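The values are calculated or read from the model by the stated rules, or taken from the named source; none is laboratory data. Predicted, not measured: the structure shown is a model, and the values here were computed from it. Every residue, glycine among them, receives a Cβ derived from its backbone with ideal geometry; neighbour counts consider all protein chains shown.
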């Protein structure tokens, strides 16, 4: 058994906890999360810190290959050059699609190996999600040699540009041409590369005279839509869950203050609501101060505020760990709005404005009003708490059938079994149940689990995020990656019988609509139930099941299954 620092375990005995009824188990694990979060060992946070060093060090190394830039010793003279920002974008794209960025490490259920990415994307036979499943050559759900060749070609083109002494159209155009083919072949790769940010930025760099103006529009649109998406009832719960899992806020009484009345009432406290509103206002207002700033006092103040905003997020090391992305957001802010405050983004040429309008306006707008059809990443709804999600309930005696799927990593249960004793491994993975249930939309599970299965105690609880990471090689909050399409692909390989695998799918709340949609699906027989969930009713009661007389009215409005 490989030795890894032990996580902080719940105060209850795990074996006794397993024998309790489901409502009691969920209550105890949520109360444990409120105090200790995921229980991550401190050395894991150190590993993430070292990874930031790898990310920054890689950027410095590639910049040193540019004839117009230099090495770390002359950083002050070139850090704000457009090519330095361009290489940061290219390196970020490569870092993410290799699997080294968000979605890596223990805080996304990756232990051995700690990444997915290249281990899946460069291997034939693994699952993929083509944009058009029946498309010749690029369609199909199984990765082919052509898919692997496209992926490696894209990486080669990106590293060719990173190593170039000067990055121009000859280096960028091939990337911009090949990458859409890669995205058509596997939408997971498109999302894993954080294309809504980095690919859009590369397109902007094709317009040399307006390159920095284009980046300003990209940066401000990301901040703005992220803030707009937080104008909901979900975000205060995100703050609670994040602070309880913080790498820096380790004071128990402060963590308890995030809740209305710990441990019996784990709804967000007034403090959590205030923090959520302050964060939303910050992200909504100060980017526009930067956008219209002239480099004077208002710009300096806004840059300081946004630096503090991203340091707050990064220092808390949220689940999903998008820490490198926060680094480039801060770096780009200082380059674009500090060193190049004179660039007027509203003066770009019409053709570029029309191109940028698609990813920076149209897709986020559609994604907020029609979330079923647009990834939350393309919608720029980061960390709003309003995400599509799924829970996969597998009969314990049928769990081995999942292992028939060709992947590059074991199930998270198997990974943890190589590191810890059974009680420690089980207690660790059970915390994911609390993470899901403590978000506002996760409270719907109180009513959905009994619809999905008659005896939840006979099933293993798998969060869809962990299923996607294990089956597809990448996961970062996009519930569309582990929807019915993935279920059908897994069923084709695993062959579950009726009742052995039941999935609960919950969609995001559309903007200005008071409800979410849900579906309950059996792996073999298909959809069993569907309906809507009243968001206001989710505000009542706790994350764990209670009698409706105490918790309030049921939030569900069932409809006939299709």
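Below, the figures for the structure above:
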{"read-out": "Failed item in (1) within 26 Å of residue 102 (Cβ to Cβ); (2) in contact (Cβ under 8 Å) with a residue 24 or more places away in the chain; (3) more than 22 Å from the chain's Cα centre (by Cα), with residue 425 passing the rest", "value": "(2)"}
{"read-out": "Test: residue in the range 210-217 that is within 18 Å of the chain's Cα centre (by Cα), in a helix (DSSP H, G or I), at pLDDT 95 or above and within 19 Å of residue 364 (Cα to Cα)", "value": "no"}
{"read-out": "Test: residue in the range 261-269 that is part of a loop (DSSP other than H, G, I, E, B), at pLDDT below 95 and buried (at least 21 other Cβ atoms within 10 Å of the Cβ)", "value": "no"}
{"read-out": "Enumeration of residues in the range 221-256 that are more than 19 Å from residue 318 (Cα to Cα) and either in a strand (DSSP E or B) or in contact (Cβ under 8 Å) with a residue 12 or more places away in the chain (or both)", "value": "221, 224, 225, 228, 231, 232, 233"}
{"read-out": "Only listed residue being in contact with a helix residue (DSSP H, G or I) (Cβ under 9 Å, 6 or more places away or on another chain), modelled with pLDDT of 90 or more and either buried (at least 21 other Cβ atoms within 10 Å of the Cβ) or part of a strand (DSSP E or B) (or both), chosen from 403, 436", "value": "436"}
{"read-out": "Given (1) part of a helix (DSSP H, G or I); (2) crowded, with 20+ Cβ neighbours inside 10 Å; (3) within 20 Å of the chain's Cα centre (by Cα), number of the condition residue 485 does not satisfy", "value": "(2)"}
{"read-out": "Residue satisfying all of: in the range 315-345; free of Cβ contacts under 8 Å to residues at least 60 places away in the same chain and either touching a strand residue (DSSP E or B) at 6+ places or on another chain (Cβ under 7 Å) or assigned to a helix (DSSP H, G or I) (or both); farthest from residue 469 (Cα to Cα) among these", "value": "330"}
{"read-out": "Any chance residue 70 is surrounded by 15 or more Cβ atoms within 10 Å (Cβ to Cβ) and under 22 Å from residue 106 (Cβ atoms)", "value": "no"}
{"read-out": "Check on residue 393, at pLDDT 95 or above, part of a helix (DSSP H, G or I) and crowded, with 17+ Cβ neighbours inside 10 Å", "value": "no"}
{"read-out": "Residue list for the range 354-374, filter: closer than 21 Å to residue 215 by Cβ and touching a residue at least 12 places away in the same chain (Cβ under 8 Å)", "value": "355, 356, 359, 360, 361, 363, 364"}
{"read-out": "Test: residue in the range 142-150 that is at pLDDT 95 or above and under 24 Å from residue 322 (Cβ atoms)", "value": "no"}
{"read-out": "Residue match in the range 278-288 (condition: touching a helix residue (DSSP H, G or I) at 6+ places or on another chain (Cβ under 6 Å), touching a residue at least 60 places away in the same chain (Cβ under 8 Å), surrounded by fewer than 21 Cβ atoms within 10 Å (Cβ to Cβ) and not in a helix (DSSP H, G or I))", "value": "no"}
{"read-out": "Pairs where the first residue, in the range 524-552, is at negative phi and assigned to a helix (DSSP H, G or I) and the second is at pLDDT below 85 and surrounded by 21 or more Cβ atoms within 10 Å (Cβ to Cβ), C-beta under 9 Å, 6+ apart", "value": "535/555; 536/555; 537/555; 538/555"}
{"read-out": "Test result for residue 76, touching a strand residue (DSSP E or B) at 6+ places or on another chain (Cβ under 6 Å) and more than 16 Å from residue 189 (Cα to Cα)", "value": "no"}
{"read-out": "Residues located in the range 100-124, provided they are more than 25 Å from residue 332 (Cβ to Cβ), in contact (Cβ under 8 Å) with a residue 60 or more places away in the chain and in a helix (DSSP H, G or I)", "value": "106, 119, 120, 121"}
{"read-out": "Residues of the range 68-99 satisfying the condition of being part of a loop (DSSP other than H, G, I, E, B), closer than 18 Å to residue 337 by Cα and free of Cβ contacts under 8 Å to residues at least 40 places away in the same chain", "value": "81"}
{"read-out": "Lone qualifier among 469, 385 - being on the phi > 0 side of the Ramachandran plot, out of contact with any strand residue (DSSP E or B) (no Cβ under 9 Å at 6 or more places or on another chain) and either modelled with pLDDT under 95 or in a helix (DSSP H, G or I) (or both)", "value": "385"}
{"read-out": "Filtered residue count, the range 131-152, keeping only those that are closer than 14 Å to residue 180 by Cα and touching a helix residue (DSSP H, G or I) at 6+ places or on another chain (Cβ under 6 Å)", "value": "5"}
{"read-out": "Test: residue in the range 53-67 that is surrounded by fewer than 21 Cβ atoms within 10 Å (Cβ to Cβ), at pLDDT below 95, within 28 Å of the chain's Cα centre (by Cα) and not in a loop (DSSP other than H, G, I, E, B)", "value": "no"}
{"read-out": "Hits in the range 442-466 (condition: within 27 Å of residue 112 (Cβ to Cβ), crowded, with 19+ Cβ neighbours inside 10 Å and more than 14 Å from the chain's Cα centre (by Cα))", "value": "459, 461, 462"}
{"read-out": "Out of 26, 9, 43, 49, sole residue that is out of contact with any strand residue (DSSP E or B) (no Cβ under 8 Å at 6 or more places or on another chain), farther than 21 Å from residue 104 by Cα and assigned to a helix (DSSP H, G or I)", "value": "26"}
{"read-out": "Meets criteria (under 27 Å from residue 187 (Cβ atoms), at pLDDT 95 or above and surrounded by fewer than 22 Cβ atoms within 10 Å (Cβ to Cβ)) for residue 495", "value": "yes"}
